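The block underneath contains the structure these notes are about, expressed in structure tokens.
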Amino acid sequence: MGILDGKKALVTGVASNRSIAWGIAQALYSQGAEVALTYQNDKLKSRVQQCAEACGNGPTMPLDVTSGEDIANAFAELGKHWDGLDILVHAVGFAPREELEGSFVDNTTRDGWSLSQDISAYSFAALAKAARPMMQGRNASLLTLTYLGGERAVPNYNVMGPAKAALEASVRYMAQDLGAEGIRVNGISAGPVRTLAASGIGDFRRMLDYNAAAAPLKRNIGIDEIGNAGAFLASDLASGITGEILHVDCGFHAIALGGNEAG
Ligand code: NAP
């Protein structure tokens, strides 16, 4: 018996078997949930279908979150398979690579700012709006992924920092808005993980090494651990938790001067 038996979950953002979304999809499935996956474009379709086969062979569908039409089509497609939705995982983020290094002030552009806010922050509210009708009367749960760079200035994270800050504020506004319908909204602030998206951040290796040395647990986080935290937040065990950002980062957020190895 799992903590998500009978629940239906839509997971966005699986790009590879290193994706945080993949860690979450596996954890949701192993706790009993049925899992549907989305892919941004045809390039990723077969890879995402393989992932779907490994977690119960649920529906897969295209979804580029910059397109309102895509969002509507994805939920129309989901509605053909399922009569309701209990869990939505938003694990999507993007900023232009050239804006993820060097000087924040010099390198941030109007277009880069708008695009990163659109894909990384606005899309969470847009997906919630589309999911809302399918989530009625089910004690449903929305979950997003954020990073410490939304709270503190992290070298090279640059334009993604304000996007994550907006995303975290959205968690609180969405929690307030949807709470009366029993829908909970939370975020996981994950420690650094080597993924495709992370490879676009300048000097990411240093971020990983620094975190592993300084974090209280003296290591980096795994996507299985982020997945387990996601399964908990999505489950009825977390029925009293909403509007929360849970740090799943081996404790890095809690320290100021790290271990002697850091620096
Ligand atoms: P990832 O495996 O590269 O996943 C990012 C996903 O976002 C990919 O599936 C990507 O699809 C998708 N995406 C980008 N633009 C999209 C669009 N317009 N429409 C739909 N999907 C789009 O990287 P990840 O690190 O697991 O990222 C997942 C989330 O975790 C992101 O929000 C990220 O900021 C957050 N996070 C990551 C870390 C870390 O260190 N890795 C730490 C904390 C939080 P394509 O590959 O097709 O572009």
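Name the single residue, out of those in the stretch 229-263 being part of a helix (DSSP H, G or I) and more than 17 Å from residue 23 (Cβ to Cβ), that is least open to solvent (accessible area, probe 1.4 Å). Before you say what the answer is, go through the steps one by one.
At the first step, the residues of the stretch 229-263 found to be part of a helix (DSSP H, G or I) are 229-234, 236-238, 252-254.
Narrowing further to those that are more than 17 Å from residue 23 (Cβ to Cβ): 236-238, 252-254.
On the way: 236: 84, 237: 118, 238: 1, 252: 28, 253: 59, 254: 76 Å².
Step by step, filter the stretch 229-263, then rank; the result is 238.
For the stretch 3-56, the set of residues classified as within 13 Å of residue 86 (Cα to Cα), open to solvent by less than 40 Å² (accessible area, probe 1.4 Å) and touching a residue at least 40 places away in the same chain (Cβ under 8 Å) consists of 4, 7, 8, 9, 10, 11, 28, 33, 36, listed by residue number. Give the residue that is modelled with the highest pLDDT, with candidates limited to residues of the stretch 170-208 that are surrounded by fewer than 15 Cβ atoms within 10 Å (Cβ to Cβ) and closer than 20 Å to residue 249 by Cα. The qualifying residue modelled with the highest pLDDT is 194.
Return the residue satisfying two criteria in turn: it lies in the stretch 214-228 and is of a type in the set (A, V, I, L, M) and open to solvent by 20 Å² or more (accessible area, probe 1.4 Å), and of such residues it is nearest to residue 90 (Cα to Cα). Steps first, answer last, please.
So in the stretch 214-228, the residues of a type in the set (A, V, I, L, M) come out as 214-215, 217, 221, 223, 226.
Going one step further and asking which of them are open to solvent by 20 Å² or more (accessible area, probe 1.4 Å), we end up with 217, 221, 223.
Numbers: 217: 27, 221: 19, 223: 15 Å.
Of everything passing the filter in the stretch 214-228, 223 is nearest to residue 90 (Cα to Cα).
Of all the numbered requirements in (1) surrounded by fewer than 22 Cβ atoms within 10 Å (Cβ to Cβ); (2) within 21 Å of residue 58 (Cα to Cα); (3) touching a residue at least 12 places away in the same chain (Cβ under 8 Å), residue 154 misses one, and that requirement is (2). Residues in the stretch 57-87 that are under 18 Å from the mean Cα position of the chain (by Cα) and of a type in the set (Asp, Glu) were compared, and the one that is surrounded by the most Cβ atoms within 10 Å (Cβ to Cβ) is 86. Is there a residue in the stretch 143-151 that is away from the ligand (no atom under 13 Å from the Cβ), farther than 16 Å from residue 131 by Cβ and either modelled with pLDDT of 95 or more or open to solvent by 10 Å² or more (accessible area, probe 1.4 Å) (or both)? No, every residue in the stretch 143-151 fails to be away from the ligand (no atom under 13 Å from the Cβ), farther than 16 Å from residue 131 by Cβ and either modelled with pLDDT of 95 or more or open to solvent by 10 Å² or more (accessible area, probe 1.4 Å) (or both).
Only one of the numbered conditions (1) of a type in the set (Val, Ile, Thr); (2) within 16 Å of residue 131 (Cβ to Cβ); (3) within 13 Å of the ligand (Cβ to nearest atom) is violated by residue 20, and that is (2). When 198, 214, 163, 190 are screened for being more than 13 Å from the ligand (Cβ to nearest atom) and of a type in the set (Gly, Ala, Ser), only 214 passes.
Take residue 125 and tell me if it is away from the ligand (no atom under 12 Å from the Cβ), within 22 Å of residue 78 (Cβ to Cβ) and open to solvent by 30 Å² or more (accessible area, probe 1.4 Å). So residue 125 passes the test. Scanning the stretch 33-48 for residues that are away from the ligand (no atom under 13 Å from the Cβ) and in contact with a Lys or Arg (Cβ under 7 Å, 6 or more places away or on another chain) yields 33, 34.
The values are calculated or read from the model by the stated rules, or taken from the named source; none is laboratory data. This one's a predicted model, so the numbers in the text were calculated from it and none came from an experiment. When we count neighbours, we look across all protein chains shown, and the Cβ atoms used for this are built from the backbone with ideal geometry, even at glycine. We work out accessible area using only protein heavy atoms, side chains counted, and drop any ligands, DNA or RNA first. Shrake-Rupley method; radii C 1.70, N 1.55, O 1.52, S 1.80 Å.
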